[in-house]
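The structure appears right after this line, and notes come after that.
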Amino acid sequence: MDKIIIGADIGGTTVKIGFINNEGEILKKWEIPTNKSNGGVSIIDDLWQSIRIQLTALNLTTDMVLGIGVGAPGFIDGDTGFVYEAVNIGWKNFELAAQLKDKSGLPVFVENDANIAVLGENWKGAGNQARNVIAITLGTGVGGGIIANGEILNGENGMAGEIGHTTIDPHGHLCNCGRSGCLETIASATGIARQAMDKLQNNSISRLSTHYQQTGTVSAKDVFDLAKSGDTDCKHIIHDTADALGLFIANMGTIINPSKVLIGGGVSKAGDQLLDEIKNAFHKYALPRVSDICEMKIARLGNDAGIIGGAFFVRQKLLDITF
Ligand code: ZN
């Protein structure tokens, strides 16, 4: 029997864990709460205890495990599994890979969670094992990951692929990073909702203003729903958001020259309503040789991308497999 691989995706609320086979199929998956107390000191212990219980339940021993691949938020050295900083968790200068390796006796590899998710999505999801991929996650913030020549693009200190902080408008809204007009201030769920609040300043009567008067709130999903029902302001917001993304992808395209662009995260649930507009903007701005070869798709794996990507990362490190 082929060895199984363990994937773990450490998030601010839960740690998702899975046993994955060599074909990338999930044999078992579950999750445990992330215990962030005392700077997250017990998280690795909790993770390994939980894995041990599930291994025993399935009559598996550690010699049947190839290794553990972990995705975690923050700035991480993918070669050593050292976490410089994970603000959401409370870790600073934390030897994640070394600690889990000590406890488990297994090979352990750690990467940034967004990068790991791209590996999963490219292995078993919408990527179809492309060698050059840009993945963009449109959630509360904007995250991303890049696969270049078959491997995660990491950079000198783990910053490569932090695409949410690409400057789109130097005079734009203030970003969480302290600078102005980052992609995240426009294309995240928060950014889209904020654009709607800006439109409400015009005091014009619209479906959007009626919705706001009735509910006292407006979300990114509301913007897409209102656009569908004909609201002009919301149509403009989606157009402007897609235009910023299309321009960004066109510029990135001259650097990475991808065959796949994968759009994921909560905002991507809008599907073709968003994707078609991003495609239009991309084709408008990109060099034809860049856009002609590039397919743009919505990510498919959702929350499973992390554990599947963790397993792929182990295969890549130990078996020298790339896309
Ligand atoms: Zn920023």
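Computed from the coordinates by the stated procedures, all read-outs in this text should not be read as laboratory data. This one's a predicted model, so the numbers in the text were calculated from it and none came from an experiment. Methodologically, a virtual Cβ is constructed for each residue, glycine included, from the backbone with ideal geometry; neighbour enumeration extends over all protein chains shown.
Below is a table of values for the structure above.
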item	result
Extension gain (nm, one decimal) between Thr56 and Asn128, 0.36 nm per residue minus Cα-Cα	22.5 nm
Derived scalar couplings ³J(HN,Hα) [the range 235-245; Karplus, 6.51 cos²θ - 1.76 cosθ + 1.60; whole Hz; x for Gly, Pro]	4, 5, 4, 5, 4, 5, 5, 5, 5, 4, 5
Given charges at beta-carbon only (K, R positive; D, E negative), |dipole| of the chain in Debye	400
Computed lengthening from Val41 to Lys92, 0.36 nm per intervening residue step minus Cα-Cα distance	17.3 nm
Fraction of the pair-distance distribution of the chain above 25 Å, Cα-Cα pairs, percent	52
For the range 92-167, size of Cβ-based charge dipole, Lys and Arg +1, Asp and Glu -1, in debye	160
Cα gyration tensor shape of the range 130-299, rounded if a/c is under 1.5, else prolate or oblate by comparing a/b with b/c	prolate
Residue pairs, from the table Lys28/Lys221; Lys16/Lys199; Lys3/Lys317, whose Cα atoms sit over 27 Å apart	Lys28/Lys221; Lys16/Lys199
For the range 186-238: rounded, prolate or oblate by the Cα gyration tensor [a/c cutoff 1.5]	rounded
Theoretical FRET efficiency, 1/(1+(r/R0)^6), r = Cβ-Cβ of Glu156 and Cys177, R0 22 Å, to 0.05	0.75
Ellipticity estimate at 222 nm from DSSP helix runs (n ≥ 4, -39,500 (n - 2.57)) divided over the chain, nearest 500	-12500 deg cm²/dmol
Choice from Pro258, Pro170, Pro33 showing the highest fluctuation, given a GNM over the chain with Cα pairs closer than 10 Å	Pro170
Eligible aspartates and glutamates near Lys124 by straight Cα distance, threshold 15 Å, same-chain separation 8 or greater	Glu23, Glu25, Asp304
Rounded, prolate or oblate (a/c below 1.5 giving rounded, otherwise prolate when a/b exceeds b/c) for the range 33-110 by Cα gyration tensor	oblate
The chain: most fluctuating residue of Gln129, Gln99, Gln214 per GNM, C-alpha cutoff 10 Å	Gln214
Rounded to 5, the percent of DSSP beta bridges in the chain classed as antiparallel	60
Stretchable slack from Lys269 to Leu27, in nm (0.36 nm times residue separation minus alpha-carbon distance)	84.5 nm
Amide H contacts of Val142 (H built 1.01 Å from N, under 5 Å, at least 5 apart or other chain)	none
Fluctuation leader among Thr254, Thr241, Thr210 - the chain, Gaussian network, Cα springs under 10 angstrom	Thr210
